[in-house]
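Shown next, in structure tokens, is the structure this report addresses.
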Amino acid sequence: MKVVIVCAFDTYFDRVKLLKEYYKKEDVIVISSDFSHRKKKKIHNEMSDLDINVKEYKKNLSIDRLISHYQFSKSVYNELVAIQPDLIHALVPPNSLSKYLSLYKEKYNVKLIFDIIDLWPETLPVGNIKNIFPITLWKNIRDKYLERADIIFTECDLFQEVLRKKGNLKYHTLYWSRKERPLETSYKFSKNKRSFCYLGSINNIIDLDLIVQFLKECNKKIDTTLHIIGNGEEKQTLISRLSAEHITVIDHQEVYSQIEKQKIFDQCDYALNIMKPTVVVGLTMKSLDYMCAGIPLINTIQGDTYKLCAQEEIGHNVNKDNIQEIINEIIHEDEEDMSFKREKIKSVYLETFTDTVFFETLDKAGVLHD
């Protein structure tokens, strides 16, 4: 069987790598874009078998970006005509991809799987603008054509609620997953200080105000440090604001090795999993790194992650109104409390977010069966 995996964005290639492994017994072709959304420059990813030439863009919210996405979607259609696959597994967005692939399915009767790994414009920090024309047109293109697929995956339960598809048998939750397993740790609890970490890009969807307010209030009661792993256009702003509040910041820059990241996580009591409240996300990729490392969460992510923190005791759900309450809990936790949370979050990771569970979910959905 000939399988085509379509993915426009290098930011999602961890998922493509797992999908390629799942389909490894088939004839697999990966189609991607030749432009890096993360680096904003032309690239070739070694996972890609066919790069689509698209328009470059500098800003995430721009007409150039939409043009680039339409170019990609239309070109994918043309390439599929030549390839003639038996199965298409497409990561959405771009929203326009759902339209072009649905039209392709209608003409060529191929098995089509949509894998929704983000919701645009819902996850964008643009306030009420996302509810007016032409932004609504962007969303409607996705919604109009989704149902034409044979199987639809969403990367969290929350997306199905937003799309109003909860209970629809076509829809399945396929969580972000990792091949990595938890490493040995050397965490040492201290009752006299609290250390936090932030992993990933510090950009315009991160709630800097809440991070600063939370760490500022914590620092008033106990010695507080933030470890940063990563970069981003807002990183220096965050560091400057925290330094003005006399909060120690240790900037580790970008670190990719699981072993090296673990050494940093072992110096921290909690991990910050904080985005702006207007961003519709149920699970972040960084949270899987945190869970695998056994570091509990300070969380604002709604839906799936909120429920895990509340029900599985793997961290604290924080908002601007309960900061003092959460800080009081944190500073009064002892070594036994922290040890429990760290072991619990690793067990949640192993039960829910590994490649083994990922493959089982694909099997149960009937991906390789008629």
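For segment 171-189, a residue qualifies if it is open to solvent by less than 30 Å² (accessible area, probe 1.4 Å), farther than 17 Å from Tyr290 by Cβ and in a loop (DSSP other than H, G, I, E, B), and exactly one does: Leu174.
For segment 265-370, please list each of the strands (runs of 3 or more DSSP E) lying entirely inside it that holds at least 1 residues being open to solvent by 10 Å² or more (accessible area, probe 1.4 Å), at pLDDT 95 or above and not small (Gly, Ala, Ser).
Values: elements: 270-273, 297-299, 315-317.
Hits in segment 265-370: 315-317.
Return a yes/no flag: does segment 191-205 have any residue that is over 20 Å from the mean Cα position of the chain (by Cα) and without any contact (Cβ under 8 Å) to a residue 24 or more places away in the chain. Scanning segment 191-205 turns up no residue that is over 20 Å from the mean Cα position of the chain (by Cα) and without any contact (Cβ under 8 Å) to a residue 24 or more places away in the chain.
Is it the case that segment 209-232 has a residue that's in a loop (DSSP other than H, G, I, E, B) and of a type in the set (D, E, K, R)?
Looking only at segment 209-232, we keep the residues that are in a loop (DSSP other than H, G, I, E, B), and these are 222, 230-232.
From the residues that got through so far, the ones that are of a type in the set (D, E, K, R) too are none.
For segment 209-232, residues in a loop (DSSP other than H, G, I, E, B) and of a type in the set (D, E, K, R): absent.
Scanning segment 67-104 for residues that are open to solvent by 60 Å² or more (accessible area, probe 1.4 Å) and in contact with a strand residue (DSSP E or B) (Cβ under 8 Å, 6 or more places away or on another chain) gives Gln71, Glu79, Gln84, Asp86. Put simply, of Lys107, Lys58 the only residue that is of a type in the set (Lys, Arg), more than 16 Å from Asp118 (Cβ to Cβ), part of a loop (DSSP other than H, G, I, E, B) and open to solvent by 10 Å² or more (accessible area, probe 1.4 Å) is Lys58. Considering only residues that are part of a helix (DSSP H, G or I) and open to solvent by 60 Å² or more (accessible area, probe 1.4 Å), which ones fall in segment 249-262? Ile259, Glu260, listed by residue number.
Out of the residues in segment 149-187 that are among the charged types (D, E, K, R) and without any contact (Cβ under 8 Å) to a residue 40 or more places away in the chain, which is nearest to Lys105 (Cα to Cα)?
Kept after step one, since they are among the charged types (D, E, K, R), are these residues of segment 149-187: 150, 155, 157, 161, 164-166, 170, 178-181, 184.
Cutting the leftovers down to without any contact (Cβ under 8 Å) to a residue 40 or more places away in the chain gives us 150, 164-166, 170, 184.
Values: Asp150: 10, Arg164: 24, Lys165: 22, Lys166: 24, Lys170: 16, Glu184: 48 Å.
This residue is Asp150.
Scan segment 4-28 for residues that are open to solvent by 10 Å² or more (accessible area, probe 1.4 Å), β-branched (Val, Ile, Thr) and in a strand (DSSP E or B) and jot them down. Val28, the sole residue that qualifies. Give me the pairs, please: first residue somewhere in segment 220-231 and more than 13 Å from Thr248 (Cα to Cα), second residue anywhere and part of a helix (DSSP H, G or I) and among the β-branched types (Val, Ile, Thr), beta-carbon distance under 8 Å, and either six or more positions apart or on two chains. Between residues of segment 220-231 that are more than 13 Å from Thr248 (Cα to Cα) and residues that are part of a helix (DSSP H, G or I) and among the β-branched types (Val, Ile, Thr), the close pairs are Lys221/Ile327; Lys221/Ile331; Ile229/Ile264. Limited to segment 292-349, what total is found for residues that are over 16 Å from Gln213 (Cα atoms) and among the polar types (S, T, N, Q)? The total comes to 5. Mind listing whichever residues of segment 30-47 are surrounded by 19 or more Cβ atoms within 10 Å (Cβ to Cβ) and more than 16 Å from Ser68 (Cβ to Cβ)? Passing the criteria: only Val30.
Scoring His246 on the criteria (1) farther than 17 Å from Ile330 by Cα; (2) part of a helix (DSSP H, G or I); (3) not acidic (Asp, Glu) leaves a single failure, condition (2). Beta carbons closer than 8 Å, at least 6 apart along the sequence or on distinct chains, pair a first residue in segment 37-64 that is over 12 Å from Ala8 (Cβ atoms) with a second that is open to solvent by 80 Å² or more (accessible area, probe 1.4 Å) and modelled with pLDDT under 85 for Lys40/Lys58; Asp64/Lys58. Just give me the residues in segment 231-248 being closer than 17 Å to Leu215 by Cβ, open to solvent by 40 Å² or more (accessible area, probe 1.4 Å) and within 25 Å of the chain's Cα centre (by Cα), in sequence order. Once the filter is applied, which keeps residues that are closer than 17 Å to Leu215 by Cβ, open to solvent by 40 Å² or more (accessible area, probe 1.4 Å) and within 25 Å of the chain's Cα centre (by Cα), segment 231-248 yields Glu234, Gln236, Thr237.
The values are calculated or read from the model by the stated rules, or taken from the named source; none is laboratory data. For clarity, every value in this text was computed on a predicted model and none was experimentally measured. Cβ atoms come from the backbone with ideal geometry, glycine included; neighbour counts cover every protein chain shown. These accessible areas exclude ligands, DNA and RNA; they are computed on the full protein's heavy atoms, side chains included. Shrake-Rupley method; radii C 1.70, N 1.55, O 1.52, S 1.80 Å.
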